[in-house]
Amino acid sequence: MIGITKLGSYFPRRRLDRALIGKAWGGKASGTRTMAAIDEDALTMGVEAVSACIGETPAAGIDALYFGSTSAPYLEKQVASMVATAVDLPREIVTADFAGSVRAGLGALRAALDGVGAGSLHAALVVASDCRLAEPGGELEPQFGDAAAAALVSRHDVIAELVTAASVSEEFTYFWRTDEQRYVQVADARFGNQYSVQRDVPDAVGAALRKAELPASKVARLAVALPDPRAAAAVAKKAGCNPETQLVPLLTAEAGVLGSAEPLVLLSRALEGLQPGDFVVVAGYGEGADAFVFRATHALLAHPPRTVADALAGGIPVASYERYLRARGVLPLDVGGELVPTYIEWKELKQDTRLWGSRCTACGLVQYPQEVVCMGCHAPGKTVDHKLRREGTVFTFTIDNLAQVPEHPMPMVVVELDGGGRIYLQGTDCADGDIAVGKRVRLTYRRLHQAGGNRNYYWKVRPA
Amino acid sequence: MKDKVAVIGVGCTKFGERYDRGYEELICDAAFAAYEDAGIDPAAIEAAYFGTYMPGPHGGKSAVSLADALKLYGRPITRVENYCATGTDAFRNACITVASGVYDVVLVVGAEKLKDRGGRGLPRFGHPLLARGNSAPGLFALGANRYMHTFGCGRETLAKVAVKNHWNGARNDKAHLRQEITVEQVLKAPMIASPFGLFDCCPTTDGAAAAIVCRPELAKQWKKAPIWVKGAALAVETGRPFFDPTFDYLGFRSTVKAAKAAYDMAGCGPSDISFADVHDCFTWTEISNIEDLGFYEKGQGWKAVEAGETALGGRIPINTSGGLKSFGHPIGASGVRMIYECVTQLRGECGERQVKNARLGMAHNVGGPGAVACVVILGNG
């Protein structure tokens, strides 16, 4: 049995009320959209999604990580390997980035399923993450939302077994962004929907169902990720499904159109409450379409993924539209900062990115950063490498308004990590009262600052 | 060390936003005042120690600014740079040089023009990722919040430190901030790094101070009666306390260890000290210091502040100068400025701020926070 073993969704904590966009530009969009913070991007959200999917410690045996996104922070430099390093996967794995359209996540999923199916991979992580930027004031701006999702594909403990997969591919200019454009461009949406979406998605779904010899009426849930949510019901009908009873509701109102992450988020939502043997179809559009038929297993009952509603809970409102613009870099902000020299980055990769400290073999003290002489007993040269946990308790803190960082007030937090070690990090995603002595926090990989034409990523803490 | 070094002259510029005087001019102002105070010909200076954290416009990371300002050429001059203990450590090095018998008369100058570097405190050094995002108030605030959590004291108590030090500083014409303030003003001021509001923080200040030390055999030939160095000790602890799992964040080990060493040299204890200028970069730091220096048990210092025991006329007057809080804190100058306060108090020259029957005075710096601490004990007998 090949399929999805674990699934996790991540939504940035910030919520932009669409009324704020309407206030700036006119228009009557309602609801909220998820918004990546100023220190988040598709890479960092991808790391969070991996944690949501497999927890903080990767199980042994993961031998591939595929990253799908249209908004990767690098056009040249592999993001999959950066995610794999941050979650401390071993070096001997296959990594690849998928890009080009919001089908990137499903392309990565297909590659993972094929790799495991062919026996060339044991277990593959699929990470789909998007933080797409729409033109300020444009029609897409209130629609987009930021999210990431991850799926572990393997042959063991499968919760959603792969039945069939099918794709169609066709050149069509609907959404695009050239290498010189910053904002996602959109053509005539009505035309794009009618002559591309409504053809490609039902065709792919139909092909997958035919291969499975499964009538549409036997599908428990149909999850379709579409650029225009109004098109979902029509797609469902064309595929032979009942939009009222079979279509998984989109997250448009509370989160937005989620790009590459959306198919996996909707799949997770589709699996909620299913019984073993129930069929789920997940499909997504992007100059063609991909569709997959999965069958829920008994393992789903034992290990259901965290619900999407749970992952969406606890949002904090963004105070203004201007803060959204600043978070996305539309309003520039130069707070300075020195780039980590490549040499130091290489030397300290295990300490700074993989998050290893030291443990003293003389007294047992776990400590960070890595030390030659123990901080506690001062024994010389008795330390060994020690992987740190990513959860802990606030030992002390301050809420700083002076430090040179993009957003104030900013917590600076000293954390006692579970399993030992003390670390001192910036706080992020905090509401009033989230940081106090004794509060539980979690480490999160974020973009610390940029300088010298490149970016520094490092760990911060957020409320647990 | 005890009684092997005499302080024969001290000088201090007006502290504040000294846009009117250049870095080397401030050095001259402080040194000339010390020459005058001692009645000494600069030609008699055999060596010098120069405490400065950030180099001046011409000096670079060397001692040449002092040589160029004063034209003290052809002599050994060493620049000392040790976080906020820079000034007291420069003084300590001068004392060691004299006590060792290598030189007879040594000048110490501490100088800093922080305002020439913009208005927002100190520039940041250090690792581009680790501990990134810290600020000076934010680093000390980690201790303050842990202390307040542990011992139950509130921001009002911290505010009383500021009120007391401003009261002293208002009576000191060389101090930077000379207005008296109220607890309410402190509590209502904008937050800088919780629990510190604006008035919990020392200002960003320009200034310079100087002292001249000599061998005991030569101490009586100058204008004023000598003040004796009883002890001068430095202790260095971790510069990354926030990563140390064994650190309780309730005070600073460097101060405890430097104080013990200084008391041992001086053959005295905390109860023998008449007054102390301690490192009140932030209000809580003063509370921590008076415990770490042994004047109060750990966790009791805030009660002493509440009881007024650290005010002028109290059990142990702390920061009669106004402290860093009111007098200002030009990093390298501060420690030497504290020596200036101790010497003038021990001579009985402090007028309205004079500590009665002052016998032993202490100067204390802690920086890092907690990475370095220097304690100097001076006496008039």
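Please go through (1) surrounded by 19 or more Cβ atoms within 10 Å (Cβ to Cβ); (2) not in a strand (DSSP E or B) for B:A210 and return the number of the only condition it doesn't satisfy.
(2)
Quick test of your reading of the structure: B:K230 fulfils all but one of (1) under 21 Å from B:G361 (Cα atoms); (2) of a type in the set (D, E, K, R); (3) within 14 Å of chain A (Cβ to nearest Cβ). Name the failing condition by number.
So B:K230 meets the others, but not (3).
Scan segment A:358-389 for residues that are in contact with a helix residue (DSSP H, G or I) (Cβ under 8 Å, 6 or more places away or on another chain) and either assigned by TED's automatic domain parsing to the domain that holds A:D88 or acidic (D, E) (or both) and jot them down.
Hit for segment A:358-389 is A:D385, nothing else.
Would you mind finding the one in A:A64, A:A80, A:A148, A:A134 that is modelled with pLDDT of 95 or more, in contact with an Asp or Glu (Cβ under 7 Å, 6 or more places away or on another chain) and in a strand (DSSP E or B)?
A:A148
Could you check B:Y103 against (1) outside any helix (DSSP H, G or I); (2) surrounded by 22 or more Cβ atoms within 10 Å (Cβ to Cβ) and say which number it fails?
Result: B:Y103 passes all but (2).
Just to be sure I understand, how many residues within segment B:292-303 are crowded, with 22+ Cβ neighbours inside 10 Å and outside any loop (DSSP other than H, G, I, E, B)?
3
Is one or more of the residues making up segment A:419-441 basic (K, R), more than 13 Å from every other protein chain (Cβ to nearest Cβ) and not in a loop (DSSP other than H, G, I, E, B)? Reasoning before the result, please.
So in segment A:419-441, the residues basic (K, R) come out as A:422, A:439-440.
Checking the rest, the ones that are also more than 13 Å from every other protein chain (Cβ to nearest Cβ) come to A:440.
Going one step further and asking which of them are not in a loop (DSSP other than H, G, I, E, B), we end up with A:440.
Yes, there is a match, as at least one residue in segment A:419-441 is basic (K, R), more than 13 Å from every other protein chain (Cβ to nearest Cβ) and not in a loop (DSSP other than H, G, I, E, B).
Residues are listed down the side, and each one gets a yes or a no for (1) out of contact with any helix residue (DSSP H, G or I) (no Cβ under 7 Å at 6 or more places or on another chain); (2) surrounded by 24 or more Cβ atoms within 10 Å (Cβ to Cβ):
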{"site": "B:C268", "(1), (2)": "yes, no"}
{"site": "B:F282", "(1), (2)": "no, yes"}
{"site": "B:A311", "(1), (2)": "no, no"}
{"site": "B:S321", "(1), (2)": "no, yes"}
{"site": "B:G328", "(1), (2)": "yes, yes"}
{"site": "B:G367", "(1), (2)": "yes, yes"}
{"site": "B:A371", "(1), (2)": "no, no"}
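Can you work out which of the residues in segment B:110-122 that are within 20 Å of the chain's Cα centre (by Cα) and more than 8 Å from chain A (Cβ to nearest Cβ) is modelled with the lowest pLDDT?
B:L122
Taking into account only those residues within segment A:370-407 that are outside any loop (DSSP other than H, G, I, E, B) and in contact with a Pro (Cβ under 8 Å, 6 or more places away or on another chain), which is farthest from the other protein chains (Cβ to nearest Cβ)?
Checked segment A:370-407; the qualifying residue farthest from the other protein chains (Cβ to nearest Cβ) is A:V373.
For segment B:1-40, which positions are in a helix (DSSP H, G or I), in contact (Cβ under 8 Å) with a residue 60 or more places away in the chain and either surrounded by fewer than 20 Cβ atoms within 10 Å (Cβ to Cβ) or not aliphatic (A, V, I, L, M) (or both)? Break it down stepwise before answering.
In the first step, residues of segment B:1-40 are kept if they are in a helix (DSSP H, G or I); the result is B:23-38.
Add one more test, that the residue is in contact (Cβ under 8 Å) with a residue 60 or more places away in the chain, and what stays is B:23, B:26-27, B:29-31, B:33-35, B:37-38.
Once the filter is applied, which keeps residues that are in a helix (DSSP H, G or I), in contact (Cβ under 8 Å) with a residue 60 or more places away in the chain and either surrounded by fewer than 20 Cβ atoms within 10 Å (Cβ to Cβ) or not aliphatic (A, V, I, L, M) (or both), segment B:1-40 yields B:Y23, B:D29, B:A33, B:Y35, B:D37.
Any idea which of (1) more than 30 Å from A:Y424 (Cβ to Cβ); (2) part of a helix (DSSP H, G or I); (3) touching a residue at least 24 places away in the same chain (Cβ under 8 Å); (4) among the small types (G, A, S) is the one B:A67 doesn't satisfy?
If we test B:A67 against (1) more than 30 Å from A:Y424 (Cβ to Cβ); (2) part of a helix (DSSP H, G or I); (3) touching a residue at least 24 places away in the same chain (Cβ under 8 Å); (4) among the small types (G, A, S), just (3) comes out false.
Quick check on my filter: what residues within segment B:123-142 are under 24 Å from B:E24 (Cα atoms) and at pLDDT 90 or above?
none
Looking at segment B:343-356, can you tell me whether even one residue there is among the basic types (K, R) and buried (at least 24 other Cβ atoms within 10 Å of the Cβ)? Spell out the reasoning first.
Step one: of segment B:343-356, the residues among the basic types (K, R) are B:347, B:353, B:356.
Now restrict to residues that are buried (at least 24 other Cβ atoms within 10 Å of the Cβ): none.
The answer is no; no qualifying residue exists.
I need every pair where a residue in segment B:41-59 that is in a loop (DSSP other than H, G, I, E, B) has its Cβ under 8 Å from the Cβ of a residue that is surrounded by 22 or more Cβ atoms within 10 Å (Cβ to Cβ) and modelled with pLDDT under 90, sequence separation at least 6 or different chains.
Here the result reads B:T52/B:G59, each pair linking segment B:41-59 to a residue that is surrounded by 22 or more Cβ atoms within 10 Å (Cβ to Cβ) and modelled with pLDDT under 90.
Can you name the residue in segment B:242-279 that is assigned to a loop (DSSP other than H, G, I, E, B), in contact with a Ser or Thr (Cβ under 9 Å, 6 or more places away or on another chain) and not hydroxyl-bearing (S, T, Y) and is also nearest to the other protein chains (Cβ to nearest Cβ) among such residues?
Filtering segment B:242-279 for residues that are assigned to a loop (DSSP other than H, G, I, E, B), in contact with a Ser or Thr (Cβ under 9 Å, 6 or more places away or on another chain) and not hydroxyl-bearing (S, T, Y), the one nearest to the other protein chains (Cβ to nearest Cβ) comes out as B:D244.
Find all pairs meeting these conditions: Cβ atoms under 8 angstrom apart; at least six residues apart or on different chains; first residue within segment A:319-333 and touching a residue at least 12 places away in the same chain (Cβ under 8 Å) and surrounded by 14 or more Cβ atoms within 10 Å (Cβ to Cβ); second residue of a type in the set (G, A, S) and part of a helix (DSSP H, G or I).
What qualifies is A:Y321/A:A24.
Restricting to segment B:188-215, name every residue that is of a type in the set (F, W, Y), within 12 Å of chain A (Cβ to nearest Cβ) and closer than 21 Å to B:K174 by Cα. Working first, answer last.
So in segment B:188-215, the residues of a type in the set (F, W, Y) come out as B:196, B:199.
From the residues that got through so far, the ones that are within 12 Å of chain A (Cβ to nearest Cβ) too are B:196.
Listed by number, the list is empty, since nothing qualifies.
Among the candidates A:A208, A:A166, A:A236, which residue alone is within 27 Å of the chain's Cα centre (by Cα), farther than 30 Å from A:L133 by Cβ and in a helix (DSSP H, G or I)?
The match here is A:A208.
Right, A:S217: surrounded by 18 or more Cβ atoms within 10 Å (Cβ to Cβ) and among the hydroxyl-bearing types (S, T, Y) or not?
Against the criterion (surrounded by 18 or more Cβ atoms within 10 Å (Cβ to Cβ) and among the hydroxyl-bearing types (S, T, Y)), A:S217 does not qualify.
Mind checking whether some residue in segment A:35-49 is assigned to a loop (DSSP other than H, G, I, E, B), of a type in the set (G, A, S), in contact with a Cys (Cβ under 8 Å, 6 or more places away or on another chain) and more than 23 Å from A:A270 (Cβ to Cβ)? Steps first, answer last, please.
Taking segment A:35-49 first, the residues assigned to a loop (DSSP other than H, G, I, E, B) are A:36-41.
Going one step further and asking which of them are of a type in the set (G, A, S), we end up with A:36-37.
When the remaining residues are screened for being in contact with a Cys (Cβ under 8 Å, 6 or more places away or on another chain), the result is A:36.
Remaining after also requiring more than 23 Å from A:A270 (Cβ to Cβ): A:36.
Checked against the condition, which is being assigned to a loop (DSSP other than H, G, I, E, B), of a type in the set (G, A, S), in contact with a Cys (Cβ under 8 Å, 6 or more places away or on another chain) and more than 23 Å from A:A270 (Cβ to Cβ), segment A:35-49 yields at least one hit.
Answer yes if at least one residue in segment A:343-364 is on the phi < 0 side of the Ramachandran plot, among the aliphatic types (A, V, I, L, M) and surrounded by 21 or more Cβ atoms within 10 Å (Cβ to Cβ), and no otherwise.
For segment A:343-364, residues on the phi < 0 side of the Ramachandran plot, among the aliphatic types (A, V, I, L, M) and surrounded by 21 or more Cβ atoms within 10 Å (Cβ to Cβ): absent.
What number of residues within segment A:174-183 satisfy the criterion of being touching a residue at least 40 places away in the same chain (Cβ under 8 Å) and either more than 18 Å from A:Y74 (Cβ to Cβ) or not assigned by TED's automatic domain parsing to the domain that holds A:E135 (or both)?
Qualifying residue count, segment A:174-183: 3.
Looking at segment B:131-144, which of the residues that are facing chain A (nearest Cβ under 7 Å) and touching a helix residue (DSSP H, G or I) at 6+ places or on another chain (Cβ under 7 Å) is surrounded by the most Cβ atoms within 10 Å (Cβ to Cβ)?
B:L142
The values are calculated or read from the model by the stated rules, or taken from the named source; none is laboratory data. The structure displayed is predicted, hence computed values, not measured ones. Cβ atoms come from the backbone with ideal geometry, glycine included; neighbour counts cover every protein chain shown.
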